[in-house]
């Protein structure tokens, strides 16, 4: 399926959409009931998506999020549980490579709005220290922030986050400061009823001195003193004082105003340092020193870098093999909604490993590995492979490794010891700018033939907001490929590296649209034009999709050539809002435009991601709910099988001046096919404006609401018995047309449906 780019248009773009009546595919057997009562899509309000279950989940040893720390938001933060009983939590900033805060007696409080997906979590518990949102390491003697608008990671020459190692319940952070590698392990302990924090650092070769920010306390003045031969710093504040001590060769402490700093001397060999942080009354200096000396053994964080014990025993579910309905059947792989950790199963992406197993990510931060995906689905085993990711909404397997896109970065997951759980969460690329907007998701993840990665960034006030983003195959470079998107929730890459994106109705997006990308293209959402001069035009879509077919787009996937009969090589578009899949038909007379018609069947949740499994050739669909959708369950993982037989639907079409040609996959009853009353056609336009969505607007009478009926004068069945040419003198360029058909094939079987699409050119 080759797409071409059409000329740009002003204010209105022509579009055509195809939709067919639903022929629901049944899923036999019992189903797990919905976790909350669902309303009709049009009746849903914000309160229907408010749900605090995330606060009852065991999310694992850490959680990545936009965390509302006391001195400001840590936009790309990792809250890490520390201590044998998780007595405390520290928050690490992966952009600035320092700790924003630490607190005791709690973890995170998740915002219940939209299932926790729209507002960042807050620390839960008693604050131990709260640092400014500033770099964690000095550069040229300063803790200055060189970033534009204080967004994005520090320059790589200055510092770079490399990822984290998870070893059981312990975490070691990996990054560089200049040319020096650092492993940084936070932990907590108790002594005589008093909680203390430790920070153990392992340094590679250092040609220059290093200075790290340890703790700050606004309104206090840091004091440094030596007690019993050990340097101790303090930040007094009321009844409690924050005490800091440090051990390790070539390390020391320094104070500056309200800051306590760790100093590290240059060295050719690897070295260790250990920092103690404790709250204690002002007169407890000696006890602080005794505590530090009693815990003077320094274990290298590198001991955590080879894989550790697993945390998540496997779970089993039984799938349901669906009964064929026409040419298709939908199988359901049941999700382990009832699990020991109360983990939420809002499935958001998937792909397949070389051994035939599947990886499925959930938007609340997990990746699960599934085995037993066979023809019977009698026993499917689920193993929690990774946890704590930042709202992942896409997953791609490359070279046997899982790459996951979150709001913060692309993470490459490694199972270092082969136990079925990820041990190294590698930062593949974190150059993405994020300002913490509630809807600023990073969605979908695909690769082209050269290995470049692509994902979409929803709109927010950054240079990357509302854009299609490309990351080089080695992870070293990010660039903006196209702009002008509102809240895209999916993309696809097809033959010839054609790239498509589905965007959501709203301001400047009058209806759900599917676009074919050109590098540098602008796709209509004005706040995200990212141009010095405000554009007056936009790239017209491949197709607008009327809300009756799709009120909220997902991603796209291509049927492999030679599969699915007449649909081989076609693009499939997924509807999050309607929980359905649609076939995209390219206008054979004008390849830059097309139409959609619905495939039979509904999915149990909002369909977002589709992949054909190379091991069995079937289409697998995952999706979730979080805003308006017809979803029944939180998430789903289902298989669409082509079982053969006739589709009894259009498989090709073309628009020409005065005529519309349709080709079906079956021979048609001649009398009905040549009766113009077997068809009905409407056309209308939309308004490109800042208002939310658009009414239907007449083409014949601009300024009047409504659709234009178009008379079909003639219908002529061609010699092949499958192709009908409709004589339509009034056919015009239109942002939307909708064609309905109702007839029989030569065997008397019903051929009925709807197709809708775009006419940009005629």
Exercise for review: Could you tell me whether residue 201 is more than 19 Å from residue 103 (Cβ to Cβ), under 37 Å from the mean Cα position of the chain (by Cα) and crowded, with 22+ Cβ neighbours inside 10 Å?
Suggested key: yes
Review point. Is it the case that some residue within segment 238-261 is modelled with pLDDT of 90 or more, more than 22 Å from residue 192 (Cα to Cα), crowded, with 22+ Cβ neighbours inside 10 Å and within 43 Å of the chain's Cα centre (by Cα)?
Key: yes
**Study point:** Selected residue [at pLDDT below 95, closer than 21 Å to residue 103 by Cα and surrounded by 18 or more Cβ atoms within 10 Å (Cβ to Cβ)] from 292, 285
**Key:** 292
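I'd like to check something: does segment 612-626 contain any residue that is at pLDDT below 95, under 30 Å from residue 368 (Cα atoms) and crowded, with 23+ Cβ neighbours inside 10 Å?
Among the residues of segment 612-626, at least one is at pLDDT below 95, under 30 Å from residue 368 (Cα atoms) and crowded, with 23+ Cβ neighbours inside 10 Å, which makes the answer yes.
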Check your understanding: residue 533: surrounded by fewer than 24 Cβ atoms within 10 Å (Cβ to Cβ) and either in contact (Cβ under 8 Å) with a residue 12 or more places away in the chain or in contact with a strand residue (DSSP E or B) (Cβ under 7 Å, 6 or more places away or on another chain) (or both), yes or no?
Key -> no
Study note, to complete from the structure: Only unsatisfied item for residue 729, checking (1) free of Cβ contacts under 8 Å to residues at least 60 places away in the same chain; (2) out of contact with any strand residue (DSSP E or B) (no Cβ under 8 Å at 6 or more places or on another chain), is (1)
Check your understanding: If you scan segment 356-385, which residues turn out to be touching a strand residue (DSSP E or B) at 6+ places or on another chain (Cβ under 8 Å), on the phi < 0 side of the Ramachandran plot and not in a strand (DSSP E or B)?
Key -> 357, 363, 366, 373, 379
**Study point:** Test set (1) buried (at least 18 other Cβ atoms within 10 Å of the Cβ); (2) over 24 Å from the mean Cα position of the chain (by Cα) - residue 163 fails condition number
**Key:** (2)
Check your understanding: Counting only residues that are outside any strand (DSSP E or B) and buried (at least 19 other Cβ atoms within 10 Å of the Cβ), how many does segment 58-76 have?
Key -> 3
Check your understanding: In segment 158-188, how many are under 15 Å from residue 80 (Cβ atoms) and either part of a strand (DSSP E or B) or in contact with a helix residue (DSSP H, G or I) (Cβ under 9 Å, 6 or more places away or on another chain) (or both)?
Key -> 19
Practice item. Might you let me know whether segment 434-444 holds any residue that is farther than 26 Å from residue 58 by Cβ and in contact with a helix residue (DSSP H, G or I) (Cβ under 9 Å, 6 or more places away or on another chain)? Key: yes
**Study point:** Residue match in segment 512-520 (condition: in contact with a helix residue (DSSP H, G or I) (Cβ under 9 Å, 6 or more places away or on another chain), buried (at least 22 other Cβ atoms within 10 Å of the Cβ), at negative phi and part of a loop (DSSP other than H, G, I, E, B))
**Key:** no
Practice item. Filter segment 590-609 for residues that are closer than 30 Å to residue 112 by Cα and crowded, with 24+ Cβ neighbours inside 10 Å and give the result. Key: 603, 604, 605, 606, 607, 608, 609
Exercise for review: Please find, among 644, 693, 617, the residue that is free of Cβ contacts under 8 Å to residues at least 60 places away in the same chain, out of contact with any helix residue (DSSP H, G or I) (no Cβ under 6 Å at 6 or more places or on another chain) and on the phi > 0 side of the Ramachandran plot.
Suggested key: 617
Check your understanding: Within the group 463, 482, which residue is within 25 Å of residue 537 (Cβ to Cβ) and outside any loop (DSSP other than H, G, I, E, B)?
Key -> 482
Check your understanding: Within segment 196-236, how many residues are in a loop (DSSP other than H, G, I, E, B) and under 26 Å from residue 127 (Cβ atoms)?
Key -> 6
Exercise for review: Identify, by number, the condition in (1) at pLDDT 95 or above; (2) within 22 Å of the chain's Cα centre (by Cα); (3) crowded, with 18+ Cβ neighbours inside 10 Å that residue 49 doesn't meet.
Suggested key: (1)
Point to revise | Members of segment 278-312 that are assigned to a loop (DSSP other than H, G, I, E, B), over 20 Å from residue 386 (Cα atoms) and in contact with a strand residue (DSSP E or B) (Cβ under 8 Å, 6 or more places away or on another chain) | key: 281, 282, 284, 295, 296, 298, 299, 300
Practice item. Pick out the one residue from 228, 302, 287 that is farther than 19 Å from residue 199 by Cβ and out of contact with any helix residue (DSSP H, G or I) (no Cβ under 8 Å at 6 or more places or on another chain). Key: 287
**Study point:** residue 581 vs. criteria in contact with a strand residue (DSSP E or B) (Cβ under 6 Å, 6 or more places away or on another chain), surrounded by fewer than 24 Cβ atoms within 10 Å (Cβ to Cβ) and not in a helix (DSSP H, G or I)
**Key:** no
Check your understanding: Do you know which residues across segment 464-502 are touching a helix residue (DSSP H, G or I) at 6+ places or on another chain (Cβ under 9 Å) and over 18 Å from residue 410 (Cβ atoms)?
Key -> 466, 483, 484, 485, 486
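Give me the residue from segment 328-354 that is assigned to a loop (DSSP other than H, G, I, E, B) and within 26 Å of residue 491 (Cα to Cα) and, out of that set, nearest to the chain's Cα centre (by Cα).
So, considering only residues that are assigned to a loop (DSSP other than H, G, I, E, B) and within 26 Å of residue 491 (Cα to Cα), the one nearest to the chain's Cα centre (by Cα) is 346.
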Exercise for review: Identify the single condition in (1) in contact with a strand residue (DSSP E or B) (Cβ under 7 Å, 6 or more places away or on another chain); (2) more than 26 Å from residue 496 (Cβ to Cβ) that residue 557 does not satisfy, given that it satisfies every other one.
Suggested key: (2)
Practice item. Only one of these is free of Cβ contacts under 8 Å to residues at least 60 places away in the same chain and under 17 Å from residue 609 (Cβ atoms): 359, 335. Name it. Key: 359
Exercise for review: Filter segment 114-157 down to the residues that are in a strand (DSSP E or B) and free of Cβ contacts under 8 Å to residues at least 40 places away in the same chain, then identify the one that is surrounded by the fewest Cβ atoms within 10 Å (Cβ to Cβ).
Suggested key: 142
Study note, to complete from the structure: Screening 456, 447, 443, 462 for residues that are surrounded by fewer than 18 Cβ atoms within 10 Å (Cβ to Cβ), modelled with pLDDT of 95 or more and within 26 Å of residue 365 (Cβ to Cβ) leaves only 447
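The values are calculated or read from the model by the stated rules, or taken from the named source; none is laboratory data. Only a predicted model underlies this, so the values are computations on that prediction, with no experimental measurement involved. Glycine also receives a Cβ, built like all others from the backbone with ideal geometry; neighbour counts cover every protein chain displayed.
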